Amino acid sequence: MSDSVRNTMYFAGVALLIIITGFVQSWNTALFILNFGLISAIMALGVNLQWGFAGLFNVGIMGFVALGGLATVLVSMPATPGAWQAGGASVIGALVLGAATVVAAVILMTKMKASKLRSFSVFGVLVVGFFVYRGLFDPAVGLIEEIDPAATGYLGGLGLPVLLAWPAGGLLAAAVAWLIGKTALGLRSDYLAIATLGISEIIIAVMKNEDWLGRGVKNVVGLPRPAPYEVDLQSNAAFIERANGLGFDAVTASTLWVKLIYAGLFTVVLVILFVMAQRALHSPWGRMMRAIRDNEFAAEAMGKNVTARHLQIFVLGSAVCGVAGAMMTTLDGQLTPGTYQPLRFTFLIWVMVIVGGSGNNLGSVLGGFLIWWLWVMVEPMGSVLMNFVTYGMADGYWLKDHLLESVAHMRLLTMGLVLLLVLRFSPRGLIPEK
């Protein structure tokens, strides 16, 4: 069997699983799986750029996904009335001052000779800068957060179309990735993984605690949408007439139509990113990245700047994850920092890349759809299985209660089992790298 035929069968099988879900459960569930499968495939592409192309072990994926969600708020939400006048300029000024303090300390460290004078000078600059920064920052934040804290209490955004937030999410994630990469990419393997995980947790902690930025754990709701609202469609006579003509009621038809619009937009983004990733993979730059991945010392001996190329691919992969994070927040309609858990945005995405095929963009897309379908469907399938197994047992019997309560853990069991089976029988993934 040729590779193209086998790959076509893989994707046809995943498509068939989604279609069966629509018939057996509901088309709303099937489209939910499709939309989040598209987003997951984009995240897997970003991780595959870093790991499959360059061998960078990044487990801070959720931090860049969260930055994409934050960009959606900063770009698309309207500015909070009175917030900028109350303390916006002071907050920006304090942040600029804080950055300038760090830059000044670095310049002193590099320009002055090693001595006690240099140590005292750097320490003095940092201490003075810190207290001046806090003196400007804290009062301004207090004034901003006092403005209608039940509904706003933050600066708000630029009020631009929400579709602009998707590339903005990529740019924000790329900028932060550049700062992280300049300090962390000197580390290798497990040390880099620990560093990226810690930094992503810092990003999440900042988003949870800085209410002036994105309302923290109070969440930002009511984000603008690139699709019409279901309520508006349900009051549209022409839409109701078309829905009835197809045999749907207005409520069902409106939810399906909105999800189809999202699916169309997400598909366009996935196709664009996939084509760009494929062109990069087969370009001289892509061959150079794989040469660096396979043998850094040989590549460096050939005159390649390994550190610069690692920084490049780290920024690109993080930007793709940022775009996916902005898309996911747009689909959810709200920013909820508390939901950015490592299990969902780190372990799960890595399983997608490994199962699909590390180093193969098509495999990452396949893994994104397949693993997300399993993640959603395993629990209801496990519930049916456990009810069948315990059918003849008396109510209240300890074994029956234990098996029914274990359904919630079927997801983790299944992900681990799938990962073990793939690593045992197809260690290079379902669609391996050529």
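Each value in this text was obtained by applying a stated rule to the coordinates, not by laboratory testing. Only a predicted model underlies this, so the values are computations on that prediction, with no experimental measurement involved. Because the Cβ atoms are built from the backbone with ideal geometry, glycine has one as well, and the counts that use them run over all protein chains shown.
Cα to Cα, under 15 Å, and not fewer than 8 places away if on the same chain: which aspartates and glutamates meet these conditions relative to LYS434? Partners within reach: ASP3, ASP294.
Mean sequence separation of contacting Cα pairs (under 8 Å, at least six apart), scaled by the length of the chain, corresponds to a relative contact order of 30 percent.
Put simply, the C-alpha atoms of the range 322-419 give a gyration tensor, and the ellipsoid matching it has half-axes of 32, 18, 11 Å, longest first. Remark: the range 79-155 is approximated by an ellipsoid whose semi-axes, taken from the C-alpha gyration tensor as √(5λ), come to 35, 10, 7 Å, largest first.
Suppose only helical runs count, i.e. DSSP H with n ≥ 4. What mean residue ellipticity at 222 nm does that imply for the chain under -39500 (n - 2.57) per run, divided by all residues and rounded to the nearest 500 deg cm²/dmol? It comes out at -24000 deg cm²/dmol, rounded to the nearest 500.
With q set to 0.07 Å⁻¹, the log10 of I(q)/I(0) for the chain, from the Debye formula over equal scatterers at the Cα positions, is -0.43. Among ASP294, ASP211, ASP401, the largest mean-square fluctuation in a Gaussian network model of the chain (Cα springs under 10 Å) belongs to ASP401.
Among the trypsin sites (Lys or Arg not before Pro) within the range 75-167, those in coil by DSSP and having at most 11 neighbouring Cβ atoms inside 10 Å are LYS113. Once the convex hull of all Cα atoms in the range 256-410 is built, its volume per residue stands at 168 Å³.
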